[in-house]
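Below you'll find the structure, written out as structure tokens, and then a few comments.
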Amino acid sequence: MLQTWVVAPTCLPHVLRRCPCGSPRSRPSGAFRVNAHHKLLDAWLLVLCDSCGRTAKLTVLERANVRSIPAALLDRLHANDVGLIAELLQDPAVRRRNRVALDWEGSWRLDTGDPAPSDADVLDVTVRFAARIPLRPARLIAEGCALSRADVGRLIEEGSLVSAVRLTGTVSDDFTFTLKR
């Protein structure tokens, strides 16, 4: 039986960034700050500390010439577009420039569609990611098949659960697996 599961974000992830108050987590405020210096623009994504509420800025554009910025991007910055916030948080260059990481805990869901019939001998599943959310395949399989993680580990060792990707690591790209009952 062939199934497709989808891992979809439910909200914006937390930003792992140390605040002076000691809290390691911040959340996106949903706003950008754009500042003009004659013909140069700076743009920041504002994040708020989970503990004290202090505002911090994540650099999006730095001293960029106004003519080099696409008009659509500038409009999205001024409109505080949530879609743009999600895109920028997932952009590795933005995360690297600002030395931050993302915490996706509690910010995603697994849609398995119709449940597989219990009499199916072989279950072929394609897992699709709507966003680049790093997750352990064993965790997804345990949640999607209503198994414990220990059972998933046992199935992997027995060879009843196989995949082209390593099921004990972390993935954020689409993959498939086969479960033989």
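The values are calculated or read from the model by the stated rules, or taken from the named source; none is laboratory data. As the structure is a prediction and not an experimental result, all values here were calculated from the model. FYI the Cβ positions are ideal-geometry reconstructions off the backbone, even for glycines, and counts take in every protein chain you see. What goes into the accessible areas is simple: the full protein's heavy atoms, side chains included, and nothing from ligands, DNA or RNA. Shrake-Rupley method; radii C 1.70, N 1.55, O 1.52, S 1.80 Å.
A few notes on this one:
- Rg over Rh for segment 9-95 works out to 0.99, both radii taken from alpha-carbon positions and Rh defined as the Kirkwood radius.
- The chain: C-alpha pair distances exceeding 21 Å, %: 58
- Using the 1.4 Å probe convention, the accessible area of segment 1-54 works out to 53 Å² per residue with neighbouring protein chains retained.
- Euclidean distance of C-alpha centroids, segment 34-62 and segment 95-164, integer Å: 35
- Table column - 3J(HN,Hα) (Hz), segment 83-99, Karplus curve with 6.51, -1.76, 1.60, x for Gly and Pro: x, 5, 4, 4, 4, 5, 5, 8, 6, x, 5, 5, 5, 5, 4, 9, 6
- Shape parameters for segment 76-166, alpha-carbon atoms, Rg then Dmax in Å: 17.5, 55
- Carbon plus sulfur fraction of accessible area for the chain, probe 1.4 Å, in percent: 49
- Among Pro28, Leu40, Cys52 - extreme Cα towards positive end, dipole of the chain, charges at beta-carbon: Leu40
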